Each structure stands twice: as structure tokens, then as C-alpha cells.
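K.L.:
My questions all concern the structure below.
The values are calculated or read from the model by the stated rules, or taken from the named source; none is laboratory data. This one's a predicted model, so the numbers in the text were calculated from it and none came from an experiment. So basically every Cβ, Gly included, is an ideal-geometry build from the backbone, and we count neighbours across all protein chains shown.
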Amino acid sequence: MLTAVVYVLTSGCSWRHLPETFGVSPATAHRRFIVWTRAGLWRRLHRAVLDELGARGELDWTSAIVDAASMRAKRGAR
């Protein structure tokens with residue numbers, strides 16, 4: 001299940017195009033992703049990876065990448 005969810009998140013494919021080789025339906029994978037997201041799994045997993053890399057001395061904080069998006073406000077919107 002985790003591999004299927006990570007595949008969709010990293011490949012950019014839509015849930016409905018999840019290959020059958022993962023052995024899970026797209027609806028089930030998406031539902032599990034929603035449950036895990038609401039439970040804060042991704043945040044905790046990210047923190048655990050950072051902690052492990054930090055403990056090994058394998059983090060380099062001299063540079064970072066920031067990603068952002070902006071949208072034009074509709075006329076009259078705050």
C-alpha cells in the first residue's frame with residue numbers, strides 16, 4: 001500500500017492510473033492516503049527521516065529549496 005501511494009505522489013500519475021501491479025485498487029490507495037494524511041503520517045515520517053539523517057551527520061543545511069505558488073485574486077476578493 002505504501003509503495004502504491006508513494007508511486008502516485010512521486011510519479012505525478014492520477015490515482016485512477018495506478019498500475020494494477022501494485023495489487024491495490026486506486027480507490028483504496030487514495031482512501032488510505034487521505035487517512036494517513038489526516039493522521040499526520042507524512043509530517044511524522046519526514047521528521048523521522050530528518051532526525052535519522054541528522055544523527056548520522058548527513059544533513060547539509062547550507063542550502064535549501066523553497067517552492068511556492070500564487071494565484072490572482074478574483075476582482076473584489078480580499
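K.L.:
How about the chain: which helices (runs of 4 or more DSSP H) wholly inside it have at least 3 residues that are among the hydroxyl-bearing types (Ser, Thr, Tyr)?
P.N.:
Where helices (runs of 4 or more DSSP H) fall fully within the chain and carry at least 3 residues being among the hydroxyl-bearing types (Ser, Thr, Tyr), they are 2-11.
K.L.:
Could you look through the range 25-54, keep only residues that are modelled with pLDDT of 95 or more and of a type in the set (Gly, Ala, Ser), and pick out the one that is nearest to the chain's Cα centre (by Cα)?
P.N.:
The residue in question is 40.
K.L.:
Just the residues that are among the small types (Gly, Ala, Ser) and farther than 24 Å from residue 4 by Cα, please, taken from the range 42-78.
P.N.:
Hits for the range 42-78 are 54, 55, 57, 63, 64, 68, 69, 70, 73, 76, 77.
K.L.:
Of the residues that sit in the range 9-24 and are under 19 Å from residue 36 (Cα atoms) and β-branched (Val, Ile, Thr), which one is modelled with the highest pLDDT?
P.N.:
24
K.L.:
Only residues in the range 19-41 that are under 12 Å from residue 6 (Cα atoms) count as the first member; pair them with residues that are part of a helix (DSSP H, G or I) and not polar (S, T, N, Q), Cβ under 6 angstrom, at least 6 apart or cross-chain, and list the lot.
P.N.:
From the range 19-41, the pairs are 22/4; 29/4; 29/5; 30/15; 33/5.
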